[in-house]
Amino acid sequence: MPKNIVLGLVLLTVMRIASGRVGPSSQLGGQYGAEIDLEGQSPPAGVDLSSEAWYRYVYRRDSSRLWDGLYVQGGGSLDINPAYGRIGAYVEWLPVAILQLRAQIDRYAFFGASGSLLIYPNTNVPFGSGDYRDRRGQEVSAQAERFVLHPTLQGTIGRYVLVNQSTYALYDFKRAGPYFWDQEYDTLLQRHDRLYADDLSLLYSLARSGTGGRLLIGPSFEAVHASGADLTRTRLGLSLYFEPRATKHILGLLAKPRIYFQAGVNTKDRNQDGRAYFLGGIGMELNFD
């Protein structure tokens, strides 16, 4: 069951930043937290369960929104789906409220099933969800490493939030092969390769101030380029994010549930040009302080 989870993760990250991940009630000092999300998307159809644990140190509060809630954060993540598992560690820094910097290293274990890992001789052959059905059973097990940089810019004017997240990823597959099908971005990658992605969203807040919840909606545009295969794809979609008022969990923890969804069209894609797509998920953040 192939799965493209990165767009979902990008959407979730964008919405976290746009919705104010570090709220005005945050105090100086350390905070512990954990998150869990169940995500799905099509095409290709798939589900993914992701979790994260983190420690955040808020080192500045300020009357100016530009300098308020600045923090450094470190944590670990774990993702699992029928095609592969991934474990990662990251550091994150908010040096100014309009800029978030994140560096992460991931380790993949491909299970040799559900589309991972499929090897291709060149970039001219068909690949993706349609070809996967014809090549079912030809997957090989393997491992890979990835180093990722995520700089994110955001700006708010009234109820409008503009967010731009860039991704710079270096891949190292631990198996010989001309090209591999990367299900996360639905593209082909070489054994040692680079991938660039950019996600731009313009969101409008529908929730009234003082309600404690958040409801954001707006258009988004994504562009992805795989360096080795010289493949580019673009998507245009509509994103929706809903976060009700945070409540005390039964164990006394502060729980922040969320629901997010995106639907749109592949505006440039060799395999899915003009086809519709959707993705979404439900999740929760728990604060232990």
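Values quoted throughout were computed directly from the atomic coordinates according to the rules given, and no laboratory measurement underlies them. All of these numbers come straight from a predicted model, not from anything done at the bench. Positions of Cβ are backbone-derived with ideal geometry, glycine not excepted, and every protein chain shown enters the neighbour counts.
Computed values, structure above
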item	result
Gaussian network model of the chain, springs between alpha carbon atoms under 10 Å - residue of Ser201, Ser227, Ser50 with greatest fluctuation	Ser227
Qualifying GluC sites (Glu not before Pro) in region 180-289, DSSP loop, other Cβ atoms within 10 Å at most 12	none
Percentage, to the nearest whole number, of Cα pairs in the chain over 23 Å apart	55 percent
Computed E for Val47/Asn122 - FRET, C-beta separation, R0 30 angstrom, nearest 0.05	0.45
The chain: most fluctuating residue of Gly29, Gly46, Gly76 per GNM, C-alpha cutoff 10 Å	Gly29
Order of His150, His225 under a 10 Å beta carbon neighbour criterion, fewest first	His225, His150
On Cα atoms only, tilt of 6-18 relative to the major axis of the chain in degrees	10 degrees
Pairwise centroid distance, computed over Cα atoms, of region 81-103 with region 164-223, Å	12 Å
Residue of Tyr59, Tyr277, Tyr185 that the Gaussian network model of the chain assigns the largest fluctuation, springs spanning Cα pairs under 10 Å	Tyr59
Cut-off 18 Å, label 7 Å out along Cα→Cβ of Asp131, residues of region 30-52 by amide N	43-45
